[in-house]
1. Amide H of Leu168: which non-local residues (sequence gap of 5 or more, or other chain) have their own amide H closer than 5 Å, using H built in the peptide plane?
2. Around Thr74, which amide H atoms from residues at least 5 apart in sequence, or from another chain, sit under 5 Å from its own amide H, with H modelled in the peptide plane?
3. I need the calculated FRET efficiency for the pair Ala194 and Asn269, taking r as the beta carbon distance and R₀ as 35 Å, to the nearest 0.05.
4. Do any of Lys63/Lys193; Lys86/Lys321; Lys50/Lys153; Lys135/Lys321; Lys86/Lys135 go past 30 Å between their Cα atoms, and which?
5. So how much slack lies between Ser333 and Val150, counting 0.36 nm per residue of separation and subtracting their Cα-Cα distance, in nm?
6. For the full complex of protein chains and a 1.4 angstrom probe, list Val66, Val317, Val229 by accessible area with the highest value first.
7. Any idea how far apart Glu114 and Thr165 come out in nm if each label point goes 7 Å out from Cα toward Cβ?
Amino acid sequence: MVAFSSQVFAALLAAGVALAMPVEEKRQDAGCTNPITDKESRHTLTNPEKKAYLDAELCLMSKPSVLGLRGSKTRFDDFQVAHALKTEIAHFVGQFLPFHRHFVAAHEQALRKECGYTGAQPYWEETRDAGAFSKSVVLDPIYGFGGNGVGTKQCIQDGPFANYTNSLGPGYLVNDHCIERDINDRFSTSAAKATVDRCLAMDSFLTFWPCIEGGPHGAGHGGIGAQMVNPVSSPGDPVFFLHHAWLDWLWAKWQAKDPIARFADVGGNNRGGDWLKCKANPSFSEPLVVGDPGNTTTLSHLLYLYGVIENRTIAEVMDTKGALCYVYDLYDS
Ligand SMILES: [Cu+2]
């Protein structure tokens with residue numbers, strides 16, 4: 001198995017084979033009788049709601065790491081490192097969408113339980129900004145994530161996260177650095193309505209998932225650039241979670257077209273026990289019990305998250321109104 005690198009990722013993007021990631025809003029009672037409704041960040045959230053989310057993220061960044069994973073200094077870093085540890089087994093495989101659904105929900109749950117956040121997970125409907133990420137209100141310096149990186153280090157200069165020091169990245173490096181961006185409006189065109197609609201028209205998970213991972217996923221990563229284009233360390237830029245919540249919203253929209261069939265529709269290649277045994281770096285190994293150690297991803301696959309949150313099977317996250325307990329407004333766009 002060839003390890004990912006930012007160069008490989010950039011090459012894939014250049015070839016139009018972008019990686020995918022999701023976004024959303026959600027949850028919180030055991031029987032899911034009162035799910036949280038996730039909202040579109042750009043148009044639906046009020047400015048005080050946007051600020052509440054950003055403040056909660058700053059809170060996570062101010063808390064010490066509780067997991068002690070490699071290179072992690074803060075609670076925010078815990079998520080970035082867990083994603084790094086998952087990189088090679090959660091991308092370009094059948095668990096891509098389920099894993100990122102679980103991962104974004106875990107981050108939201110930390111905002112709620114550890115930082116008193118009471119809102120929902122915002123998603124960034126990137127179609128509205130396709131080809132013009134540089135002008136998006138999501139990158140507003142007051143009510144957004146701040147703007148582009150500047151200079152040779154590509155450090156963001158404004159917004160709430162301008163002074164945050166990432167301790168991991170690029171890639172697997174343990175290395176203090178700023179949050180970097182290198183916005184590329186051309187790459188962001190993969191978020192265009194025509195591209196998204198083509199994916200939503202697919203009739204099976206085996207065609208829908210690669211379409212999302214290859215087009216819209218790459219739009220957010222390549223369009224924001226720098227930190228975000230690195231498949232390992234991209235969650236070091238907090239906009240990652242709005243990007244992946246959007247992909248999650250798209251998956252939920254696709255599932256809602258035929259819920260009985262699509263809440264059970266998963267598949268694709270898998271990296272199970274045999275592959276994990278071969279991993280060169282034991283510090284990145286997962287337990288060999290992953291639920292489905294074969295070569296095909298099944299509903300039994302365990303979405304192992306290194307203690308960031310309780311592990312779930314894919315079956316448990318297929319319907320957002322299940323264990324994760326959140327819903328979306330699945331409007332047409
Ligand atoms: Cu990812």
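The values are calculated or read from the model by the stated rules, or taken from the named source; none is laboratory data. Given the structure is predicted, the values throughout are model-derived calculations rather than measurements. Every residue, glycine as well, gets a Cβ built from its backbone with ideal geometry; the counts of neighbours run over all protein chains shown. With ligands, DNA and RNA removed, areas are computed over all heavy atoms of the protein, side chains included. Shrake-Rupley method; radii C 1.70, N 1.55, O 1.52, S 1.80 Å.
1. Placed amide hydrogens put Asn175 under 5 Å from Leu168.
2. For Thr74, the qualifying residues are Ser65.
3. With R0 = 35 Å, the Cβ-Cβ based efficiency is 0.80.
4. Lys63/Lys193; Lys135/Lys321; Lys86/Lys135
5. The Ser333-Val150 span can extend by a further 62.5 nm.
6. Reading off the accessible areas and sorting them downward yields Val66, Val229, Val317.
7. 1.9
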